[in-house]
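Written below as structure tokens is the structure these notes are about.
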Amino acid sequence: MNTPLVSIVMPCYCAEKTLARTVKSVLAQTMQDFELIAVDDGSKDGTGAILDALAAQDARIRVLHQENAGVSGARNAGMDAARGKWMAFVDADDLLLPQGLAHLLSLDDGRAQILCAAFVMRFLEEKREQLFSCAHGALQEILESLIRGDSGLNPLYAKLYRTDFVRREGLRVPPGVSVGEDVLFNLDAFMAASSWVVEDTPVYIYEYGGDSAMMRAQADVYGRSQAMLAGIARFLAKNGLETALFRAHLDIYLRTLRRDRGRLRAAMAMGGRAADTITNGVRFSRLCAKQKLYFLVLRALPCLSYFLP
């Protein structure tokens, strides 16, 4: 049995319109020592048949068919089947640039467990592109960026994860989370990693618009983000980071609420459970002066969060 250098995991659900183009971008890699594990997640269209036909033409393509388990279940199934030294992730409606794998592998310094590059978001309806680079820095800066969602760190794509590291740490994409599942995986991954490399060359194109998963997730942003927000709170509590990452935790709540409801309605919704979740476990005495003010606003008059930046 051949052991490829990279295992590429691709969850596929009703992706017959984009699938062949995405697979073509993978097969066009300048680095050819890989396997593509395509997981047909109970698709109701021709996705499964297309995958089987592609696999019949190229031995590097392995197809797994399963009952629908959601994107997390599909990714976990692909991870379990991976044989490569590294794992990569590609969505079935995106593009891996030709030098993508080769460039990521060139970042390997022999110590890193995670290799990160940038990606391009292609806004289909606006006909423009934007580069998303990853945040650089120590663990504090990495975790802050992941929680805030303010850099290219969040997604699983445009990265390589060392397979033995993923399995040793028991890393999984959390099931039942349809928005932000990759954030929760990466929080655990970076928390467990002793070394990583971040670089700003784009290796991936994420297409935004039409019927993409991200477009569908824009409706009821706050409601659909509840599982992710709960996962972030659990991560902070498990690792004793409630105080160190208090401001980032507040920021992601403000961002999702404001995107969904506007600034005023978001402020009115910051009381009760949201305020309790953000402040729970926080050591007030260890906060800086400005963060102490934010803490008091949440505890006493959360509607004043309207004025918080």
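The values are calculated or read from the model by the stated rules, or taken from the named source; none is laboratory data. These numbers come from a predicted model, not from an experiment. Note: ideal-geometry Cβ built from the backbone for every residue, glycine included; neighbour counts use all protein chains shown. Side chains included, ligands, DNA and RNA excluded: accessible areas come from the protein's heavy atoms. Shrake-Rupley method; radii C 1.70, N 1.55, O 1.52, S 1.80 Å.
Probe of 1.4 angstrom, ligands and nucleic acids ignored: what's the accessible area per residue over the stretch 1-107, in square angstrom?
42
How far apart, in nm, are the 7 Å Cα→Cβ label points at A53 and R299?
Each label point is offset 7 Å from its Cα along the Cβ direction, giving 6.4 nm.
How many angstrom lie between the C-alpha centres of the stretch 135-200 and the stretch 77-133?
When both Cα centres are located, 13 Å separates them.
Which whole-number value in Å³ per residue fits the convex hull of the alpha carbons of the stretch 110-254?
Working: hull volume 17.0 nm³, N = 145.
With only Cα atoms used, the stretch 110-254 gives 117 Å³ per residue.
Using only Cα atoms, what is the ratio of the radius of gyration of the stretch 42-194 to 2.2 N^0.38 Å?
Values: Rg = 16.2 Å, N = 153, 2.2 N^0.38 = 14.9 Å.
Rounded to two decimals, the normalised Rg is 1.09.
Assuming a ≥ b ≥ c are the square roots of the Cα gyration tensor eigenvalues, decide whether the stretch 193-309 counts as rounded (a/c under 1.5), prolate (otherwise, with a/b larger than b/c) or oblate.
oblate
State, in angstrom, two size descriptors of the stretch 1-123 derived from its alpha carbons: Rg to one decimal place and Dmax to the nearest whole number.
Every Cα atom of the stretch 1-123 included, Rg and Dmax give 14.0, 43 Å.
With a cap of 10 neighbouring Cβ atoms within 10 Å, and only residues DSSP puts in a loop, list the trypsin sites (Lys or Arg not before Pro) found in the stretch 1-68. All intermediate terms of the calculation are to be shown ahead of the outcome.
On the way: sites: K17, R21, K24, K44, R60, R62; in loops: K17, K44, R60.
Passing both the DSSP loop test and the Cβ count: K44.
For an R0 of 25 angstrom, estimate the FRET efficiency from the Cβ-Cβ distance between S195 and R60 and round to the nearest 0.05.
Approximately 0.30, to the nearest 0.05.
Suppose only helical runs count, i.e. DSSP H with n ≥ 4. What mean residue ellipticity at 222 nm does that imply for the chain under -39500 (n - 2.57) per run, divided by all residues and rounded to the nearest 500 deg cm²/dmol?
Estimated from H runs of four or more residues: -12500 deg cm²/dmol.
For S178 and M268, what does the FRET efficiency come to when R0 = 45 Å and r is the distance between their Cβ atoms, rounded to the nearest 0.05?
Working: r = 26 Å, r/R0 = 0.59.
After rounding to 0.05, the efficiency reads 0.95.
Taking 20 °C and 1.002 mPa s as the conditions, I'd like the Stokes-Einstein D for the chain in µm²/s, using the Kirkwood hydrodynamic radius from alpha carbon pairs.
Details: Rh = 20.4 Å.
Value of D from the Cα-based Kirkwood radius: 105 µm²/s.
Stretch R259-Q226 to full length: gain in nm at 0.36 nm per residue minus the Cα-Cα span?
Gain on extension, R259 to Q226, equals 10.5 nm.
E67 to S285: extension gain in nm, 0.36 nm per residue of separation minus the Cα-Cα distance?
Stretched fully, the E67-S285 segment lengthens by 73.4 nm.
Does the stretch 100-162 come out rounded, prolate or oblate by the C-alpha gyration tensor, with a ≥ b ≥ c the root eigenvalues, rounded set by a/c under 1.5 and, if not, prolate when a/b is larger than b/c and oblate if not?
The shape class here is oblate.
Work out how much length K238 to R83 would gain on full extension: take 0.36 nm times their residue separation and subtract the Cα-Cα distance, in nm to one decimal.
Difference between extended and current length: 52.7 nm.
Using a Förster distance of 22 angstrom, determine the FRET efficiency expected from the C-beta separation of S106 and T3, and round it to 0.05.
Numbers: r = 20 Å, r/R0 = 0.92.
Working from the Cβ atoms, E equals 0.60.
Using DSSP, restrict attention to beta bridges with both residues in the chain and report what percent are antiparallel, rounded to the nearest 5.
Close to 30 percent.
Rounded to the nearest 5, what % of the DSSP beta bridges within the stretch 39-159 are antiparallel ones? Don't jump to the answer; show the numbers that get you there.
On the way: 6 of 9 bridges.
Close to 65 percent.
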